[in-house]
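Below is one structure, written out as structure tokens, with a few remarks after it.
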Amino acid sequence: MKFNLKEQAKKVFESRSFRAGTYSVLSCIVLGIILIVINLLVNRLPAGITEYDITNTQLFTISEESEAIAAAVDTDITAYLVVETGGENNTIVELLKRYTAINDKIQVQYVDPAVYIDFTKQYTEEQLEENSLIMVGNGRYRIINY
């Protein structure tokens with residue numbers, strides 16, 4: 001009895017278990033790709049659609065009046081959140097996400113005062129608290145202290 005490697009390999013590749021295993025592996029790969037694409041698409045949806053405010057006090061909910069004002073903005077506005085990296089207040093971050101979801105003309109930029117030391121001096125000489133906002137648009141600005 002002679003051992004023939006070629007014939008043994010052929011039997012393995014033609015076996016029912018090999019075909020079933022190959023089908024399972026390919027199915028897992030296709031399912032993984034589909035899930036990744038769905039995840040990427042859902043992450044691109046605005047915060048108002050994908051995130052719900054379930055706090056007792058509706059902490060992250062924007063009033064109808066504020067929503068109407070944000071929707072009516074027709075000039076570009078940038079909200080600079082002055083905060084050291086990692087020290088962001090989650091309430092402010094969530095509300096800013098919701099405002100940017102309402103109107104594309106509202107943008108948010110994070111400014112770390114430790115990195116950009118002189119950034120706030122173009123708007124005020126006062127020392128701003130962490131999580132303060134500088135709203136800039138249409139040649140004007142407003143500082144909202146934390």
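When only DSSP loop residues count, what GluC sites (Glu not before Pro) in the stretch 105-146 have their Cβ near at most 10 other Cβ atoms within 10 Å? It would help to have the intermediate numbers written out before the result.
On the way: sites: 125, 126, 129, 130; in loops: 125, 126, 129, 130.
Answer in residue order: 125, 129.
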inquiry  = If I take every Cα pair under 8 Å that is 6 or more residues apart in the chain, average their sequence separation and divide by the length, what percent do I get for the relative contact order?
reply    = 22
query = If each of residue 116 and residue 67 carries a label point 7 Å out from its Cα toward its Cβ, how far apart are those two points in nm?
reply = 3.1
query = Expressed as a whole percentage, what fraction of the accessible surface of the chain belongs to carbon and sulfur atoms when a 1.4 Å probe is rolled over the protein heavy atoms?
reply = 57
message = Out of all DSSP beta bridges in the chain, what portion is antiparallel? Express it as a percent rounded to 5.
response = 65
message = Using 0.36 nm times the number of residues separating residue 45 and residue 25, minus their current alpha carbon distance, what extension gain do you get?
response = 4.1 nm
note = Once phi for every residue in the stretch 101-116 is put through the Karplus expression 6.51 cos²θ - 1.76 cosθ + 1.60 (θ = phi - 60°), the whole-Hz ³J(HN,Hα) values, with Gly and Pro written as x, are 6, 6, 9, 5, 7, 9, 10, 10, 10, 9, 10, 8, x, 6, 8, 9
message = Just to be sure I understand, if you calculate P(r) over Cα pairs in 10 Å bins from 0, in percent for this structure, which of (i) 9, 25, 22, 12, 8, 8, 8, 5, 1, 0; (ii) 11, 41, 37, 10, 1; (iii) 12, 43, 31, 11, 3 do you get?
response = (i)
query = So what are the ³J(HN,Hα) numbers for the stretch 66-81, from phi and the Karplus equation (6.51, -1.76, 1.60; θ = phi - 60°), rounded to whole Hz, Gly and Pro as x?
reply = 5, 4, 5, 5, 5, 5, 7, 4, 10, 10, 5, 10, 10, 9, 8, 8
remark   = Sorting 121, 6 on solvent-accessible surface, 1.4 Å probe, most exposed first, gives 6, 121
message = Check which residues have an amide H placed less than 5 Å from residue 111's amide H, if you skip close sequence neighbours.
response = 81, 82, 83
message = Give me a comma-separated list of calculated 3J(HN,Hα) values for the stretch 7-12, in order, Karplus coefficients 6.51, -1.76, 1.60 applied at θ = phi - 60°, integers in Hz, x for any Gly or Pro.
response = 5, 5, 5, 4, 5, 5
ask   = What is the set of long-range amide H partners of residue 77 at a cut-off below 5 Å, with H atoms built 1.01 Å from backbone N?
value = 106, 107
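The values are calculated or read from the model by the stated rules, or taken from the named source; none is laboratory data. Predicted model only: the values in this text are computed from it and were never measured. Glycine also receives a Cβ, built like all others from the backbone with ideal geometry; neighbour counts cover every protein chain displayed. Just the protein is used for accessible areas: all its heavy atoms, side chains included, with ligands, DNA and RNA removed. Shrake-Rupley method; radii C 1.70, N 1.55, O 1.52, S 1.80 Å.
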